[in-house]
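Here's the structure we're looking at; comments come further down.
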């Protein structure tokens, strides 16, 4: 029986799991990782808003701190995934992505 999945993985996330234009992980794995990273980006965006408000920290510094925090726990997300999560959080918040992360995020 064919199982239809309505998850549409954005190209920027898909690029994390492609080499030479071809995925090196199964579609199911990529979709699972995407769902986890999208959920994390939603949570990170809420945390970023709180941090900016409570600590009065510039938006770029908030995003850089979150990125560093994600890298501190590599068992949660990979380095490319952490860049995507922060870029997605910035997009959700409508904040500019810090220059330091622009080359990292796809």
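Rule-based calculations on the coordinates, nothing more; no lab input. Everything quoted here is computed from the prediction, not taken from an experiment. Neighbour counts run over all protein chains shown; Cβ positions are idealised from the backbone, glycine included.
Under a crude label model (7 Å from the Cα following the beta-carbon direction), how far is residue 6 from residue 99 in nanometres?
Label-label distance for residue 6 and residue 99, simple model: 4.3 nm.
Could you tell me how far the Cα centroid of the stretch 71-106 sits from the Cα centroid of the stretch 26-55, in Å?
Going from one Cα centre to the other spans 9 Å.
Work out how far the C-alpha atoms of the chain reach from end to end along every principal axis, then list the three figures in whole Å, largest first.
Its Cα atoms span 53, 28, 25 Å along the three principal axes.
Please find the FRET efficiency linking residue 92 to residue 20, where r is the Cβ-Cβ separation and R0 is fixed at 22 Å, and quote it to the nearest 0.05. Each step should come with its number before you reach the end.
Values: r = 31 Å, r/R0 = 1.39.
Efficiency, from the Cβ-Cβ distance: 0.10.
Given a Förster distance of 25 Å, report the FRET efficiency between residue 61 and residue 35 from their Cβ-Cβ distance, rounded to the nearest 0.05.
Working: r = 29 Å, r/R0 = 1.14.
With a Förster radius of 25 Å, E is 0.30.
Any chance you could give the angle, 0 to 90 degrees and rounded to 10, that helix 27-55 forms with the longest Cα principal axis of the chain?
Helix 27-55 and the main axis of the chain meet at about 10 degrees.
If you average the sequence gap of Cα pairs under 8 Å that are 6 or more apart and divide by the length of the stretch 27-102, what percent do you get for the contact order? Spell out each step's value before the answer.
Numbers: 58 pairs, mean separation 28.2, N = 76.
Reported relative contact order: 37 percent.
Rounded to the nearest 500, what is the 222 nm mean residue ellipticity of the chain from helices alone, with -39500 (n - 2.57) per DSSP H run of 4+ residues and division by all residues? Mind showing how you got there, number by number?
Details: 5 runs with 66 residues, N = 106.
Value at 222 nm, helices only: -20000 deg cm²/dmol.
Rounding to the nearest 10 and keeping the result within 0 to 90°, find how far the Cα-based axis of helix 59-72 lies from the longest principal axis of the chain.
Around 50 degrees separate the two axes.
Among 62-71, 81-90, 41-50, how do they line up from the highest to the lowest mean number of other beta-carbon atoms within 10 Å? If you can, show how the numbers build up before the last one.
On the way: 62-71: 18.9, 81-90: 24.6, 41-50: 17.3.
Ranked from most to least packed, the peptides come out as 81-90, 62-71, 41-50.
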